[in-house]
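These notes are about the structure you will find just below.
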């Protein structure tokens, strides 16, 4: 079962429970948030820091999360989006994010090096895309969440999300 | 859709990281319990109880306290509010229930009436310290007749166009300075400066740091009055209130003028055939506004009507466009209310639509509606334009042929901008003016997506270095 197929079921299970099992939530969501930032930043540096900030912020205010307003995943990724914007704003005047494509590969296995190389290639290819399309790619393939949740997070309609993603993936694939 | 190449990029986070983050989360304090949600019934019951209490207090205030209560108030709390701490300056009310200035501003009112009659009519009659007032003990103590010295206070004067903004930044600065802040609303820029400078030297008000905020520089005549009455004033530049028009690069932007914007967005415009008459705005396409434009529908997205950006847009660009019609300029003299209505009312037929002042939403709207013109705060545009890919899709529209850059804004040539200034009464300053003003400028600079471009950061350091008092303005 692919990650994407597993996600909605897992989310239903989590959202349906009266008291969330926070350990399970962490185990399920942390890799998603981690990969979301990898896709958004196009590199490994800062990913751990931003993931940490997202979870610390979410954990501090998790009592205020309202299940009747949004799924936990939607809430968490809204926090992640805000964390990323704050981070970019704080880095303003420092190193341009998109220029920093250096990939840390010290001592990593060969397979990981290959993956990181793919990440750098993706970053180069998506550099010219509008921010919205990069966000959709990161949510879909980095976070591994479904189109319905992406629609909630971006304010687009579900069919619009699907259409845009299809077009972008075709473009990326032709250049890969 | 073959998207395996994208799925392959995902990795599992390093185990060491997962464990350390989990440990950090586990060390956090337990989250605060959420307050129970109020049911509709409880909200209604609370509302009725609160409303009833307000009504009862209002009755007592208007009709006077019963004898037993008055006696109790005098015997139980002879020194209550003696230092003004428990009386919110912004909400203090006179005996007749009309919102008024702080009690010690009553002296200002009298002085203004005496030396600068033009401001006198606009000042509310406080009556707070008059005989028979139901809150007489409070008023007396605040004016300095009680046994304890009055608490220092900032009295910030602002015209309607700046009131909300100045209140928000001044309150934060007041808290960090440990000072109460009272914002006095005036009717215009001119009246704001008249109130500041018409007071004259009065030793009764030395506890108040008096500051006027205006969206223009002081004139020589006003300066002469200020120096004559107060001995001197200090001038501080807050920054520049700036509006940007933006549009997708797909269509680019027409070179609009303030007049074009008025003709495109006003609810009512002068009839081209009979300029003395007003008609409902019939323009639906840009080429109807100006024959040089393309035949495209007028679609403008802008900030919510009551936001500071929208107020600034109406005052800086919209009113300027309105004033370009001689009949409207004349209307300002003959029918100020009518002028206000026509020159500040945006059309509501859909040509102007509100959008939230949020970077992602604002620019997504512009990207997905390439025909649309966006009215944005300068800070909001800069925030989003930080991303190179966004600058490639959205561009600014010059106004009157001038593009919004820092150079054109500070030089005063960009029509969508105006400077903001503070003027400080130097006679009544008591040593904390530099500290408060520097704090206020810092708060202005924190508004990253607002329409105010903060002044040079070096200015804040310079102000702090002045120590006790700001230097006098020399014109």
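Only the coordinates and a few stated rules stand behind these numbers; no lab work does. Worth saying up front: this structure is predicted, and the values here are computed from it rather than measured. Neighbour counts run over all protein chains shown; Cβ positions are idealised from the backbone, glycine included.
Observations
- Residue separation of residue B:216 and residue B:54 scaled by 0.36 nm, minus their Cα-Cα distance, works out to 54.3 nm of gained length.
- Distance from the Cα centroid of the stretch B:285-305 to that of the stretch B:315-358 is 16 Å (rounded to whole angstrom).
- Shielding by partners for peptide B:9-19, expressed as the average number of C-beta atoms from other protein chains within 10 Å of each residue's C-beta, is 6.
- Efficiency of FRET between residue B:464 and residue B:329 - r from beta-carbon atoms, R0 51 angstrom, step 0.05: 0.70
- What the Cβ-Cβ distance of residue B:251 and residue B:340 gives, at R0 = 35 Å and to the nearest 0.05, is a FRET efficiency of 0.55.
- Placing a pseudo-label 7 Å from each Cα along the Cα-to-Cβ vector at residue B:12 and residue B:361 gives an inter-label distance of 4.1 nm.
- For the stretch B:237-260 versus the stretch B:406-459, the gap between their alpha-carbon centres in whole angstrom: 22 Å
- Computed over the stretch B:241-411, relative contact order equals 40 percent, with contacts defined as Cα pairs under 8 Å that lie 6+ residues apart.
- Spacing of the modelled spin labels on residue B:190 and residue B:407, each 7 Å from Cα toward Cβ, amounts to 3.7 nm.
- FRET efficiency for residue A:124 and residue B:448, using Cβ-Cβ distance with R0 set to 30 Å, rounded to 0.05: 0.50
- Listed by Cβ neighbour count within 10 Å, with the fewest neighbours leading, B:381, A:26 appear as A:26, B:381.
- Projected label distance in nm at residue B:392 and residue B:371, using a 7 Å step from Cα toward the beta-carbon: 2.6 nm
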